[in-house]
1. Testing D138 on (1) open to solvent by 30 Å² or more (accessible area, probe 1.4 Å); (2) acidic (D, E); (3) in contact with a Phe, Trp or Tyr (Cβ under 8 Å, 6 or more places away or on another chain), one condition comes back false. Which one is that?
2. Here are some conditions: (1) outside any loop (DSSP other than H, G, I, E, B); (2) of a type outside the set (D, E, K, R); (3) under 27 Å from A79 (Cα atoms); (4) over 18 Å from the mean Cα position of the chain (by Cα). W220 meets all but one. Which one does it not meet?
3. Identify all residues within region 80-135 that are of a type in the set (D, E) and farther than 22 Å from F24 by Cα; write none if there are none.
4. Here are I243, I249, I200: which of them is more than 25 Å from W134 (Cα to Cα), in contact with a Pro (Cβ under 7 Å, 6 or more places away or on another chain) and of a type in the set (A, V, I, L, M)?
5. Could you say whether any residue in region 46-64 is in contact with a Leu (Cβ under 7 Å, 6 or more places away or on another chain), closer than 30 Å to R253 by Cα and modelled with pLDDT of 95 or more?
6. Tell me, which residue of region 266-310 that is part of a loop (DSSP other than H, G, I, E, B), in contact with a helix residue (DSSP H, G or I) (Cβ under 6 Å, 6 or more places away or on another chain) and at pLDDT below 90 is nearest to Y112 (Cα to Cα)?
7. Of the numbered conditions (1) open to solvent by less than 70 Å² (accessible area, probe 1.4 Å); (2) among the aromatic types (F, W, Y); (3) in the same structural domain as Q273 (by the TED database), W170 fails exactly one; give the number of that condition.
Amino acid sequence: MITAAQTLLAQGVAASIPSPTISFIEIGPLRIHFYALCIITGIIVATLWTNHRLTKRGAEPWVVIDIALIAVPLAIITARIYHVLTHWGFYFGEGANPLSALFIWEGGIAIYGALIGGAVGAWLGCRWTGIRFWTFADALAPGLLLAQAIGRFGNWFNQELFGLPTDLPWGLEIDSDNAAFPAGLEPGTLFHPTFLYEVIWNTLGVLVIVWVGRRFRLQWGRLFGVYLVWYSAGRIVWESIRIDPSEIILGLRTNVWAAIIGVVIGLAIIVAQARRHPGYEPSPYVPGREWSPEGAVQSQNTDDFVDVSDPTTTEATANATSTVATK
């Protein structure tokens, strides 16, 4: 006889979110992990969108590639290092395989580690290209958040980083023989799909960042500050209900602390840059490193960018700068 509890369980599973049955495909000797494809797709999307936003600001097309060549590798390396350091026992504890710390394709990179390494790489790339660091950061903000939303699907394919058990109809199914399945729980137990929560939160954040940027014309890094606040505020919640192993500091997971710091830094950037730079950025380039596209001119006395094809540009302004050679 079927009990009421069994009926509810069956209904819950019927309405639940299934996990993928495979996490990779093999083409000959090559194994391609969907986790890696999600990360790569996110990087490509963020690069394309950042290029579009920088170009609209007057930067040389595809200068973002020069910056990404430094920033992306550093971001991936530091993301892995951060993850390993905050899950030390998993890689170097009793019975662990220390070499698995190098197996990045199995999952395990930390966004906050990526932000640290990526920021250093972006700063170096901006020094190399002449782009203002904060201009690049603002141009990157929505694309970065969208990339993080795309990357979270990699956790879904790997059946990892899920939340507490739940009986909600959108609970996530996890294979009971999965290494991440908590010991002592019955097969068929559903879990909070924290990957999906973050996908929704990040996608909504992309819309907010784009709207705020257009409505208030936030520059000098303030839009990137909005990104940090938005993403980190959501991460505090999702991280608090995740049950994957993590180092605990003063009762909180390390990534909760990282998210709290992210909110503080984001607010500090918004406030400090608003006081330091009340006006708009005159150019996406630092003075002396300007790039002038065809159809635009650069003032000799300032680094103001003037687009002579813009109907709002006054005739006097265009004439005053028309003698400056362009390339």
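The values are calculated or read from the model by the stated rules, or taken from the named source; none is laboratory data. Fair warning: this is a prediction, and the values are worked out from it, not measured in the lab. All Cβ positions, even for glycine, are placed from backbone atoms using ideal geometry, and neighbour counts span all protein chains on display. SASA here: full protein model, heavy atoms, side chains in, ligands and nucleic acids out. Shrake-Rupley method; radii C 1.70, N 1.55, O 1.52, S 1.80 Å.
1. (1)
2. Single failed check for W220: (1).
3. Selection gives E94 alone.
4. Only one candidate passes the filter, namely I243.
5. Among the residues of region 46-64, at least one is in contact with a Leu (Cβ under 7 Å, 6 or more places away or on another chain), closer than 30 Å to R253 by Cα and modelled with pLDDT of 95 or more, which makes the answer yes.
6. S299
7. Going through (1) open to solvent by less than 70 Å² (accessible area, probe 1.4 Å); (2) among the aromatic types (F, W, Y); (3) in the same structural domain as Q273 (by the TED database) one by one, W170 breaks only (1).
Every residue, every condition in (1) open to solvent by 40 Å² or more (accessible area, probe 1.4 Å); (2) touching a Lys or Arg at 6+ places or on another chain (Cβ under 9 Å); (3) touching a residue at least 40 places away in the same chain (Cβ under 8 Å), yes or no:
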{"residue": "L218", "(1), (2), (3)": "no, no, yes"}
{"residue": "I236", "(1), (2), (3)": "yes, no, no"}
{"residue": "I243", "(1), (2), (3)": "yes, no, yes"}
{"residue": "I249", "(1), (2), (3)": "yes, no, no"}
{"residue": "N255", "(1), (2), (3)": "no, yes, yes"}
{"residue": "A258", "(1), (2), (3)": "no, yes, yes"}
